[in-house]
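Colleague: Sharing a structure with you now.
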Amino acid sequence: MMINDARVKDINWAQQLKEAPIHLNTQIQPHGVLIVLQEPDLKILQVSSNVYTHFGIAESDLLQGTLFDLLDPFQVEQIQTGLQAENLDYLNPTKIWVRKKGDDYAVFDAIFHRSEEGFLLLELEPTFAHENIPFLSFYHLARTSINRLESTTNLHDFCQIIVQEVRKITGFDRVMLYKFDHDGHGSVIGEEKLSHLESYLGLHYPESDIPKPARKLFASNWIRLIPNTHAEPVGVVPAQNPITESAVNLTNSILRSASPCHIEYLHNMGVGASLTISLIKDGQLWGLIACHHQTPKYVSYELRKACEFLGRVIFSEISAREESEDYDYRMQLAHIQSQLVEYMSQAENFVDGLVQHQPNLLDLTGARGAAVYFAGRYTLIGDTPKEEDLNYLVQWLQNNVEEEIFYTNSLPQHYADAEKYKNVASGLLAIPISKRNYVLWFRPEVIQTVNWGGDPNNAFELSQAEGNLRLRPRKSFELWKQTVRLTSLPWQLVEVKAALELRKAIVNIVLRQADELAQLAHDLELSNAELKKFAYVASHDLQEPLNQVANYVQLLEMRYRNALDEDASEFINYAVEGVSLMQTLIDDVLAYSKVDMQAAEFQFTDVNTALERALTHLRQRIAETKATITYEDLPTVMADSTQLMQLFQNLVGNAIKFHSEQPPKIHITTTRLEDEWLFSVYDNGIGIDPKFSERIFVIFQRLHTRDEYPGTGMGLAICKKIIECHRGRIWVESKLGEGATFYFTLPVGGRERERRGRKVQNNIFGRGQ
């Protein structure tokens, strides 16, 4: 959907206005009085500008005075005693008598609380009764409601009971129970009203109706009264606190004036007075009890507290009922989780334990598809995006999500590329099991129809008056139907918690397996060290008896040559050849065992130099076969120069040995990858059947008899070990009769030089001609 520049600008301005710090509002509602005091002497720092209306005393007569100037000493001393308690709830409300001008007194409900800056805020509301509501009234109020709750088991009926009881107590025209959704929007799940009023039950309302700053205030101040939405607010004098030189924080103020946008919102709904009670669950704002009246209506502080108490009692029952409805499902998921943990513990690879049994990974969250990304590979189950799409998704998660879990029922809203696989992954639940490894669950798109109270796409408008932008709420709350796409069924909280518990189990299993692998690696290292020592000693000690065999056999031939027949001479030749082959095998085994002994001595090595040394050793074979060897200018790498020379000697030597009827042609190239060099050694020889492409790197493995091609079958095994010792890879690509190309990689270890062509031709090698 295209949005023009003006609309984008409007949205940005609206966002800023919606997130304005409304708790720093310096105005209060005119039905009460605000006094800002400094403890401990209770010095008056600020007062609301309506003190004359309520007390008949000018603001200037109170400022810089103390509370003793307004109340008699007995009341002040009682207040000071109450202020020594840490919790001021025991002090609120307090009935106080305020001296008015002359000999008159006015009775007020006094509510004390402390601001974040440490000032004492005293809020005074006119009282309608000189006695507080007794405890028994609270008890009977709660007892009647609880009796009704005990007679029902339906959650919907619970919601209706709470709004019916609150309306019965307060007498408001309409009382609604409003619940916030996981996405910040909300819906009316309970309503009790006058019969002629339009019903809002079942309607959804956009997040912008109650923006984040307002929700934060509702979470801090659990009860909120606006007795007259048409009353003009009054300011605080002076507007800036004389000590902090800034506006006083009215977050917990019961008299704080509502924002102009909210007041206009209420007017558009035909509301003359409102009372709001916050419902908190697990420290979060779960919902609101919203009471609306068509005309101004005052509710005393005691009655408001009674409504709050009743709301919390009944809401605790709703919370318990919600949890009991989730209990069976939670127990089912707990059983599935325990089985998955058992499967993972028994499997060699924990991923197999998640996907190869019943129940499996899908059952833990009610997903339609899942993917486990571990050690650079995907294991998929059910309906999932393609691996290519998963690669980009995992990369997005790594760059944008830092939490230990991420879940959404509308992935395309967060990650636009997900729209192309909405049919399998409109919903995503993801847990990282390490920095680069993830478990992902997917849910498909479910198209829904949502009933809104007004068009959510036009929830506000911007107007300009006297050069200032102002956010104005919508005027229509009529039913507006929306077809919602690109969303899945939402993830339930119990499913999210089950995924988190599985994450802990996987991490523990991976760590345990890592410890086991570390111990195994240590044991293998000790075993390898012993084997290397044995191979070196055995190879060295075998040389002497072999030399004796060769010497004595040759001595027999020299001394008794004339006495031996042709068969005897042939047998002696066989013995000498066998000894020679045995010596070659011993030399190769010794070379193989010594490959990784100098791994700690890697240094910057010019590959050109290592290759030229190898070609020097092969000079005679190059001349005999008239081989042509060409190579580019090669880089500098971190390596052992002797092993690198041996690597090239074996690879080039094999290319010469297994040549076709044509003279050997060998070409060596290199390519710079992201963090390694890729080398290739091409030849035009007899080629290799692809089915043997891995076998040829195994020690003592040969594809030809010694009569066809001499050798021990150790050369390529040594090459493989050299490359692995250098943290690289080696492989071959070939077909019979079409030559072969051996590839290997080495980590980047030096700067790339200017490339120059080099060439070795016939029996001459050196710089290119």
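The values are calculated or read from the model by the stated rules, or taken from the named source; none is laboratory data. Source: prediction; values computed, not measured. Don't worry about glycine lacking a Cβ; one is built from the backbone with ideal geometry, like all the others, and counts go over all protein chains shown. Quick note on the areas: whole protein, heavy atoms, side chains included, nothing else; ligands and nucleic acids left out. Shrake-Rupley method; radii C 1.70, N 1.55, O 1.52, S 1.80 Å.
Colleague: Can you pull out every residue in the stretch 554-595 that is modelled with pLDDT of 70 or more, of a type in the set (A, V, I, L, M, F, W, C) and open to solvent by 50 Å² or more (accessible area, probe 1.4 Å)?
Modeller: L555, L556, M558, A563, L564, F571
Colleague: Something else: Collect the residues in the stretch 720-742 that are open to solvent by less than 90 Å² (accessible area, probe 1.4 Å) and not hydrophobic (A, V, I, L, M, F, W, C), keeping them in residue-number order.
Modeller: Residues satisfying the conditions are K720, K721, H726, G728, S734, G737, G739, T741.
Colleague: When C261 is evaluated against the numbered criteria (1) out of contact with any Asp or Glu (no Cβ under 7 Å at 6 or more places or on another chain); (2) part of a loop (DSSP other than H, G, I, E, B), which criterion, by number, is the only one it fails?
Modeller: Every listed condition holds for C261 apart from (2).
Colleague: In the stretch 200-214, what count of residues is obtained for those that are at pLDDT 80 or above and open to solvent by 30 Å² or more (accessible area, probe 1.4 Å)?
Modeller: Number satisfying all stated conditions: 3.
Colleague: If you scan the stretch 299-321, which residues turn out to be closer than 26 Å to P211 by Cα, in contact (Cβ under 8 Å) with a residue 60 or more places away in the chain and open to solvent by 20 Å² or more (accessible area, probe 1.4 Å)?
Modeller: Those that are closer than 26 Å to P211 by Cα, in contact (Cβ under 8 Å) with a residue 60 or more places away in the chain and open to solvent by 20 Å² or more (accessible area, probe 1.4 Å): K305, F309.
Colleague: Kindly provide the set of residues from the stretch 667-697 that are open to solvent by 40 Å² or more (accessible area, probe 1.4 Å) and of a type in the set (F, W, Y), ordered by number.
Modeller: Hits for the stretch 667-697 are Y682, F692.
Colleague: Go through the residues of the stretch 649-666 one by one and say whether even a single one is more than 22 Å from M714 (Cα to Cα), among the β-branched types (V, I, T), touching a residue at least 24 places away in the same chain (Cβ under 8 Å) and surrounded by fewer than 22 Cβ atoms within 10 Å (Cβ to Cβ).
Modeller: no
Colleague: Take the residues of the stretch 174-190 that are open to solvent by 20 Å² or more (accessible area, probe 1.4 Å) and among the charged types (D, E, K, R): which is modelled with the highest pLDDT?
Modeller: So, considering only residues that are open to solvent by 20 Å² or more (accessible area, probe 1.4 Å) and among the charged types (D, E, K, R), the one modelled with the highest pLDDT is K179.
Colleague: Moving to a separate point now. Look through S253, S246 and report the one residue that is part of a loop (DSSP other than H, G, I, E, B) and free of Cβ contacts under 8 Å to residues at least 12 places away in the same chain.
Modeller: Of S253, S246, the one residue that is part of a loop (DSSP other than H, G, I, E, B) and free of Cβ contacts under 8 Å to residues at least 12 places away in the same chain is S246.
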